[in-house]
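The values are calculated or read from the model by the stated rules, or taken from the named source; none is laboratory data. Since the model is a prediction, treat every value here as computed from it, not as a measurement. Here the Cβ positions follow ideal geometry from the backbone for every residue, glycine too, while neighbour counts run over all protein chains shown. For the accessible areas, the whole protein counts, side chains as well, though only heavy atoms, and no ligand, DNA or RNA atoms are used. Shrake-Rupley method; radii C 1.70, N 1.55, O 1.52, S 1.80 Å.
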Amino acid sequence: MLIVKVFKLLPKISQWDLTRFERLLSSPYFNKREDLIKLLKVWRAYPKRRLTPKAYWELAFPGEPFSNTKWNLLSSRLFKMLEEYLIQSEVQSDEAQKRIYLSKAYRKLQSEVLFKEAIKEAEKKLDKHPYRDTDFLHKSHELAYLTYDYIHSSNRKETNSLQEVNDHLDEYIIATKLKQACNAKSREIINQEQYEIGFLKEVLTKVKQNRTFLDNPAIAIYYYCYRAISSNDNEADFIDLRKEIQTNQNFFSANEMRDIYTVAINYTIKKLNTGASFFIKEALELYLGSLKAGYLLEGGFLLETTYTNIVLLA
């Protein structure tokens, strides 16, 4: 029920975000209902007390009769507005994506000068982004396509950037397929789950035939990741993966690097279980490297099983 959703979600929101959410509710552009603002203020005044719906209602609307129908409708509306705030927060936090949206808006308005300016600004914002993950590749393709589409529609005889669009698309598809293949193989190792990744053989062949793809961090790290965890005997692929992790880990978010480290660590543990002593030092170094970078901490704490594994390996 929506009533459960909104009051389960609100405690997870920081005070800073709650204040901004309240400001959003106070904006006529997003909300014209005073009752939503009153309900949120009452909840903020009693965040740790589990009041009944009727108690919340009487505090927010003294003297007004309570009914389940009105309460469910009100809490439903508050939940929808909270979702709107979360969407706005995500959009506002991504400067490159904001410029991409702006480019599309200017394209619809047929404003050539402003469209070109927005595209250039989006490219600058994307270039300054610290990560070179699959999301970066996706945005690079989107920007290249917007430019191509504009040129193609305005003058079909003019030289266009279709090759650039295709190159960016290839990079995005290859990186994403390899990432999914690593995730699938990791699940197979841990839980014996089986997945079918379409066109994987073609992707691996493409990278093998054109090694320049490996200049791309998102492709290189997942290419060697998949080769390492899908190979039974080739330690060279695992060593290449270790090098890629060391070289390119700053190009990925902490969450993504934690997943990459986890896949590599699980692989070393699997090899250790077969008696491959070479992987003792490798497993320990992976644990210590990810621990030093803060990837293994959850809420500031280290899991007991992780701590035990590190001690045993040492």
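Looking at segment 1-46 only, could you name the residues that are farther than 21 Å from Asn68 by Cβ, open to solvent by less than 60 Å² (accessible area, probe 1.4 Å) and of a type outside the set (Gly, Ala, Ser)?
Scanning segment 1-46 gives Ile13, Asp17, Leu18, Thr19, Phe21, Glu22, Leu24, Leu25, Asn31, Ile37.
Before we move on, is Leu86 part of a helix (DSSP H, G or I) and hydrophobic (A, V, I, L, M, F, W, C)?
In short, yes.
If the requirement is being under 23 Å from the mean Cα position of the chain (by Cα), at pLDDT 90 or above, within 21 Å of Ile239 (Cβ to Cβ) and open to solvent by 60 Å² or more (accessible area, probe 1.4 Å), which of these qualifies: Lys281, Lys292?
Values: Lys281 fails: under 23 Å from the mean Cα position of the chain (by Cα).
Exactly one residue qualifies, and that residue is Lys292.
Based on what the data block shows, is Ser75 among the hydroxyl-bearing types (Ser, Thr, Tyr) and either open to solvent by 40 Å² or more (accessible area, probe 1.4 Å) or out of contact with any Pro (no Cβ under 9 Å at 6 or more places or on another chain) (or both)?
Numbers: among the hydroxyl-bearing types (Ser, Thr, Tyr): yes; either open to solvent by 40 Å² or more (accessible area, probe 1.4 Å) or out of contact with any Pro (no Cβ under 9 Å at 6 or more places or on another chain) (or both): no.
When the stated conditions are applied, Ser75 does not pass them.
List the number of the failed condition for Glu196; all other conditions in (1) within 23 Å of Leu288 (Cα to Cα); (2) open to solvent by 20 Å² or more (accessible area, probe 1.4 Å) hold.
(1)
Based on this model, can you work out whether Ile87 counts as of a type in the set (A, V, I, L, M) and farther than 30 Å from Ala220 by Cα? Spell out how you get there, then give the answer.
Numbers: of a type in the set (A, V, I, L, M): yes; farther than 30 Å from Ala220 by Cα: yes.
In short, yes.
Taking only segment 205-245 into account, find how many residues are under 26 Å from the mean Cα position of the chain (by Cα), within 28 Å of Glu285 (Cα to Cα) and in a helix (DSSP H, G or I).
Within segment 205-245, residues that are under 26 Å from the mean Cα position of the chain (by Cα), within 28 Å of Glu285 (Cα to Cα) and in a helix (DSSP H, G or I) number 23.
Among the residues in segment 123-131, are any under 26 Å from Tyr172 (Cα atoms), touching a His at 6+ places or on another chain (Cβ under 7 Å) and surrounded by fewer than 20 Cβ atoms within 10 Å (Cβ to Cβ)?
Start the filter on segment 123-131 by keeping residues that are under 26 Å from Tyr172 (Cα atoms), which leaves 123-131.
Subsequent filtering for residues that are touching a His at 6+ places or on another chain (Cβ under 7 Å) retains none.
Within segment 123-131, none of the residues are under 26 Å from Tyr172 (Cα atoms), touching a His at 6+ places or on another chain (Cβ under 7 Å) and surrounded by fewer than 20 Cβ atoms within 10 Å (Cβ to Cβ).
If you check every pair at least six apart or on different chains, which have Cβ atoms under 7 Å apart with a residue in segment 19-34 that is in contact (Cβ under 8 Å) with a residue 40 or more places away in the chain first and a residue that is part of a loop (DSSP other than H, G, I, E, B) and aromatic (Phe, Trp, Tyr) second?
Going by the 7 Å Cβ cut-off, the qualifying pairs are Leu24/Phe30.
Could you tell me which residue of segment 246-258 is nearest to Glu285 (Cα to Cα), considering only residues that are among the hydrophobic types (A, V, I, L, M, F, W, C) and touching a residue at least 40 places away in the same chain (Cβ under 8 Å)? Before the answer, list the steps.
Taking segment 246-258 as the starting set, the residues that turn out to be among the hydrophobic types (A, V, I, L, M, F, W, C) are 251-252, 254, 257.
Filter again for touching a residue at least 40 places away in the same chain (Cβ under 8 Å), leaving 251-252, 254.
Working: Phe251: 20, Phe252: 19, Ala254: 18 Å.
Per the stated criteria, the residue is Ala254.
State yes or no: is Gly294 farther than 23 Å from Asn191 by Cβ, free of Cβ contacts under 8 Å to residues at least 60 places away in the same chain and assigned to a loop (DSSP other than H, G, I, E, B)? Lay out the reasoning, then the answer.
Working: farther than 23 Å from Asn191 by Cβ: yes; free of Cβ contacts under 8 Å to residues at least 60 places away in the same chain: yes; assigned to a loop (DSSP other than H, G, I, E, B): yes.
So Gly294 passes the test.
Using beta carbons and a limit of 6 Å, which pairs, at least six apart or on different chains, have the first residue in segment 46-65 and within 12 Å of Phe7 (Cα to Cα) and the second one modelled with pLDDT of 90 or more and surrounded by 10 or more Cβ atoms within 10 Å (Cβ to Cβ)?
What qualifies is Pro53/Trp71; Tyr56/Val42.
Between residues in segment 181-196 that are closer than 17 Å to Tyr223 by Cα and residues that are among the aliphatic types (A, V, I, L, M), which pairs lie under 6 Å by C-beta distance while being six or more apart or on different chains?
Ala181/Ile197; Ala181/Leu200; Cys182/Val263; Ala184/Ile197; Lys185/Ile229; Ser186/Val263
Of all residues in segment 84-106, count the ones that are open to solvent by 70 Å² or more (accessible area, probe 1.4 Å) and of a type in the set (Lys, Arg).
Counting residues in segment 84-106 that are open to solvent by 70 Å² or more (accessible area, probe 1.4 Å) and of a type in the set (Lys, Arg) gives 2.
Can you confirm whether Arg44 is closer than 30 Å to Leu143 by Cα and of a type in the set (Lys, Arg)?
Values: closer than 30 Å to Leu143 by Cα: no; of a type in the set (Lys, Arg): yes.
No; evaluated as a whole, the condition is false for this residue.
Where the second residue is open to solvent by 60 Å² or more (accessible area, probe 1.4 Å) and at pLDDT below 90 and the first is under 14 Å from Arg187 (Cα atoms) and lies in segment 259-275, which pairs have Cβ atoms under 7 Å and are six or more apart or on separate chains?
Note: pairs meeting the criteria are Asn266/Ile190.
Which number in (1) open to solvent by 70 Å² or more (accessible area, probe 1.4 Å); (2) modelled with pLDDT under 95; (3) among the β-branched types (Val, Ile, Thr) marks the one condition that Ile173 misses?
(2)
For segment 205-225, enumerate the residues that are in contact (Cβ under 8 Å) with a residue 24 or more places away in the chain and open to solvent by 40 Å² or more (accessible area, probe 1.4 Å). So that I can check it myself, show each step before the final result.
So the first thing to find is which residues in segment 205-225 are in contact (Cβ under 8 Å) with a residue 24 or more places away in the chain, and the list is 206-207, 213, 216-223, 225.
Within segment 205-225, Lys206 is the sole residue that qualifies.
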